[in-house]
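These notes are about the structure you will find just below.
The values are calculated or read from the model by the stated rules, or taken from the named source; none is laboratory data. Quantities reported herein were computed from a predicted structural model and do not represent experimental measurements. Cβ sites come from the backbone with ideal geometry, for glycine too, and all protein chains shown count toward neighbours.
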Amino acid sequence: MLPPLPLKPRIRESFDRAARSYDAAAILQRRVCEDLLAAWTPDAPPDSILDAGCGTGHGIRLLHRRWPDARLTALDFAPAMLELARQNPALCVAGDLEALPCRAASFAAWISSLTIQWCDTGQVFREAWRVLRPGGYLATSTLGPDTFRELRAAFAGIDSYRHTLAFSDPAAVEQALRNAGFTDIVLRRRSVRLHYPDLRTLLHAVKAIGANSVGDGARAGLFGKRAWQQVQAAYEGHRTPAGLPAHYDVIFAYARK
Ligand SMILES: C[S@@+](CC[C@H](N)C(=O)[O-])C[C@H]1O[C@@H](n2cnc3c(N)ncnc32)[C@H](O)[C@@H]1O
């Protein structure tokens, strides 16, 4: 059982505040979304697709390029993200992945890139199943437990606060899909490493996309200078010629209703 997620208003607020800085910082998110969609090969072009947790609309642009005739719906709960997504050829809808404001069986495909790690995965998949037509496709990416392992290692022994979300493992993602009623489930796991010049830049990059809420157990007060220096020194132990690495354990899942 994973520890509780951050409260929803807190998650929404972080993403809302980050909307303007998102595109410049979302290097991993763009790469993962492109990988998710490139590896997705439905039997026939889907005529209607929901991008659940669309952010500023990168997924929508990719979908439109691939299937210009598909009816695209972009959904997000952060108003400022949705405002930017409106520049794309999609119907933009404010809503929650866990309680979609959509009719049952109204889409041929449901996609979601790097969003479900912020949600109750079981509830998200039940909702995806509900809004998909029989035979409809699901394609999603999320983060696995090895994500930010260097960051956790650097903080270990310095404090006992939580510094990252608790990420689901692939078996839990697969079970949640099965429990929701999905079939033809295929999972893929890929390790992606990004490099940053220093720890401050790395943490700013996480904040710039809005992914800085971690939930219960986060440090509430300021970080002391000595503790900060200790964390920096510990992280420096991971430095490579390319810079300070941040590891992302990316899980891709594909399924059908
Ligand atoms: C990391 S961003 C990913 C955005 C986009 N899919 C991409 O690949 O660039 C996560 C997005 O999911 C949205 N989000 C998170 N939880 C959500 C929920 N329960 N309902 C709707 N949107 C949610 C956030 O507002 C944010 O825009």
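Candidates LEU114, LEU36: the one that is more than 19 Å from VAL206 (Cβ to Cβ), near the ligand (Cβ under 9 Å from one of its atoms) and touching a residue at least 40 places away in the same chain (Cβ under 8 Å) is LEU36.
Taking the criterion of being surrounded by 14 or more Cβ atoms within 10 Å (Cβ to Cβ) and in a loop (DSSP other than H, G, I, E, B), the residues of the range 3-22 that qualify are LEU5, PRO6.
Residues considered: ASP76, ASP47, ASP69. Of these, the only one that is within 14 Å of the ligand (Cβ to nearest atom), among the acidic types (Asp, Glu) and modelled with pLDDT of 95 or more is ASP76.
Yes or no, residue by residue, for (1) more than 13 Å from the chain's Cα centre (by Cα); (2) closer than 25 Å to ARG190 by Cα:
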residue: PRO6; (1), (2): yes, no
residue: PRO9; (1), (2): yes, no
residue: ARG17; (1), (2): yes, no
residue: ASP23; (1), (2): yes, yes
residue: THR41; (1), (2): yes, yes
residue: ALA44; (1), (2): yes, no
residue: CYS54; (1), (2): no, yes
residue: ILE60; (1), (2): yes, yes
residue: ARG66; (1), (2): yes, yes
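Every residue in the range 81-94 that is surrounded by 18 or more Cβ atoms within 10 Å (Cβ to Cβ) and near the ligand (Cβ under 9 Å from one of its atoms), please. MET81, LEU82, ALA85, listed by residue number. Would you check if ARG200 is in a helix (DSSP H, G or I), within 16 Å of the ligand (Cβ to nearest atom) and either modelled with pLDDT under 95 or surrounded by fewer than 22 Cβ atoms within 10 Å (Cβ to Cβ) (or both)? Against the criterion (in a helix (DSSP H, G or I), within 16 Å of the ligand (Cβ to nearest atom) and either modelled with pLDDT under 95 or surrounded by fewer than 22 Cβ atoms within 10 Å (Cβ to Cβ) (or both)), ARG200 does not qualify. Only residues that are assigned to a helix (DSSP H, G or I) and farther than 14 Å from ARG200 by Cβ were counted across the range 228-257, and they come to 2.
For the condition in contact with a strand residue (DSSP E or B) (Cβ under 7 Å, 6 or more places away or on another chain) and part of a loop (DSSP other than H, G, I, E, B), THR140 does not qualify. Out of the residues in the range 144-195 meeting the condition of being more than 22 Å from ILE11 (Cα to Cα) and of a type in the set (Val, Ile, Thr), tell me which one is surrounded by the fewest Cβ atoms within 10 Å (Cβ to Cβ). Per the criteria, the residue is THR183.
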